[in-house]
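Read the figures in this text as sums done on the coordinates, not as results from a lab. Quantities reported herein were computed from a predicted structural model and do not represent experimental measurements. Counting neighbours? That spans all protein chains shown, and the Cβs are built from the backbone with ideal geometry, glycine included.
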Amino acid sequence: MNMKHDFPTTSDNIVYVRRVEMDSLPVEVRQQAPQLQALYAVHGIDGERLALVADRGLAFMLARQNELNPVSVH
């Protein structure tokens, strides 16, 4: 789960953060975080998943560190 990723830039730099239940993720991802009930995904405006992180705060911090504007979605 600790992989470097170059985030794309868009005109308004919005990314979406949402909770992802572990049972909806591939087995290899679940094996890397067996103690968690869910992860948080950061998605680009086109819906592409850019990152998975352990908690919501980290997802927002990651986005901001990459000069992106995170928005929570449900």
Cut-off under 5 Å, modelled amide H: who pairs with I14 long-range:
N69
What percent antiparallel are the DSSP beta bridges of the stretch 14-72, to the nearest 5?
70
Could you pull the Rg and Dmax for the chain, using just the Cα atoms, both in Å?
12.0, 37
To the nearest 10 degrees, how steep is helix 56-65 against the longest Cα principal axis of the chain, on a 0 to 90 scale?
40
Non-local amide H neighbours of L50 (under 5 Å, H modeled in plane, Pro and chain starts lacking H): which ones?
V42, H43, G44
With 0.36 nm assigned to each residue of separation and the Cα-Cα distance removed, R49 to E67 gains 4.8 nm
Descending packing, highest mean Cβ count within 10 Å first, for 16-25, 59-68 is 59-68, 16-25
